[in-house]
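Written out below as structure tokens is the structure these notes cover.
Read-outs throughout are calculated quantities, based only on the coordinates presented, and are distinct from any laboratory measurement. Since we're looking at a predicted model, the values are computed, not measured. Neighbour counts run over all protein chains shown; Cβ positions are idealised from the backbone, glycine included.
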Amino acid sequence: MEIQEIKQQLTIQTVLHHYGITPDKNNMAQCPFHNDKTPSFQIYPKSNTYCCFSSNCSAGTGDQIQFIELQEKHGKHQAILKAQELLGVQPENTNGIDKGESQKTSSAKPKPIEQEHDYEQIFTKLQQNIRKSPDAKQYIKKRNLTTDSLELGYNASGYRDLRNCIIFPLKDKHNKVVSMYGRSITNNGTAKHYYTKNRKGLYPGYPKPDTRKLILTESIIDAATLLQEESISQEYEVLALYGTNGLTPEHKGAIRNLKHLKEIVLWMDGDRAGEKAAEKYRESITQLTCGEQSRTINPKS
Ligand SMILES: [Zn+2]
């Protein structure tokens with residue numbers, strides 16, 4: 001595929017989306033290449049180019065390939081291969097690229113589009129940040145959460161996808177961090193809930209196999225709050241759903257495997273959305289557990 005062809009077919013939006021950047025309706029976004037408080041990164045969909053207007057930023061202007069190059073930091077050749085991956089085509093010899101090098105690459109197995117992150121390592125770093133940030137400390141205090149009993153992290157801007165967020169680890173059945181949830185602490189009217197791409201894992205983790213009593217909460221913060229209540233966490237296992245539409249196949253699998261389950265409590269918000277969700281969840285859970293009793297608590301009603 002020729003570079004011109006790639007440039008015609010690959011939109012700048014596709015590239016931004018891949019890196020977790022969503023421009024606003026004026027095609028502005030927070031610049032991923034400097035610590036950008038107000039969006040100063042302009043996107044031009046017609047020409048598939050961008051420009052960062054900040055004087056403290058070296059991103060300047062460029063097209064979709066240059067954007068990838070800045071993100072990946074592996075040179076133009078790799079950026080072109082990545083661009084082809086984003087278009088869903090097998091990397092092949094590209095005009096204008098050193099032949100020897102690209103032949104080597106095309107005979108190699110194509111890399112998966114989504115890079116695997118070591119979330120264990122990332123989360124450990126973010127856990128250290130929370131102690132250093134007065135804003136983060138103030139926010140968790142306001143939500144009555146504490147790092148004494150909870151695993152919490154904070155990401156100011158280092159990790160691109162979850163900026164200004166308190167970070168909660170999502171874990172697989174081996175208790176390994178496999179993705180993350182971020183709750184934004186800024187109050188600028190934008191979204192509050194963020195997940196890393198390819199969300200997987202459960203919060204605070206898979207319930208113990210011998211669980212007899214299980215509380216399912218509507219949100220991760222609700223689960224964190226309950227985990228701090230010793231009277232509850234000693235008697236119940238707690239598992240967070242991901243909102244009112246957040247009983248995922250992974251949750252279902254985990255619940256189905258609990259062979260000693262006697263009681264499930266649905267801990268939903270007392271608003272209409274919470275009540276509707278409780279009704280829907282009760283039905284799905286009854287199917288999973290062959291008629292096990294569940295009851296609903298509306299803690300906030
Ligand atoms: Zn910038």
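The table below lists the values:
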read-out	value
Distant-in-sequence amide H partners of G62 (H built 1.01 Å from N, under 5 Å)	Y50
Straight-distance crosslink candidates among aspartates and glutamates, where the alpha carbon sits under 18 Å from K200 and sequence neighbours closer than 8 are dropped	E114, E116, D118, E120, E151, D161, D172, E218, E250
Fewest-first sequence of C31, C57 by Cβ atoms within 10 Å of each Cβ	C57, C31
Under Karplus coefficients 6.51, -1.76 and 1.60, residue-wise ³J(HN,Hα) of the range 28-44 in Hz, glycine/proline x	10, 8, 6, 5, x, 9, 8, 6, 9, 7, 10, x, 10, 10, 9, 10, 10
Cα gyration tensor, the range 207-301 - rounded (a/c under 1.5), prolate or oblate	oblate
Length-normalised contact order for the chain - Cα pairs under 8 Å, 6+ apart - percent	10 percent
Helix-derived mean residue ellipticity, 222 nm - over the chain, DSSP H n ≥ 4, -39500 (n - 2.57), to 500	-10000 deg cm²/dmol
Cα-based reach from K7 at 18 Å (exclusive), listing aspartates and glutamates while leaving out same-chain residues under 8 positions away	D63, E69, E72, E85, E92
Cut-off 11 Å between beta-carbons: net charge of the residues surrounding S149, Lys and Arg +1, Asp and Glu -1	-4
Bins of 10 Å from zero: percent of alpha-carbon pairs in the chain	6, 23, 27, 22, 15, 7, 1
Burial ranking of peptide ranges 63-71, 142-150 (average Cβ count within 10 Å, highest at the top)	63-71, 142-150
Intensity falloff of the range 162-221 expressed as log10 I(q)/I(0), Debye formula with alpha-carbon point scatterers, at q = 0.18 Å⁻¹	-0.68
Ranked list, fewest to most other Cβ atoms within 10 Å of each Cβ, for V265, V177	V265, V177
For the range 118-201, the fraction of alpha-carbon pairs in successive 5 Å shells from zero, as %	3, 16, 28, 27, 17, 8, 1, 0
Antiparallel bridge percentage (DSSP; both residues within the chain; nearest 5)	65 percent
Within-12-Å neighbourhood charge of Q8 [Cβ basis; K, R +1; D, E -1]	-2
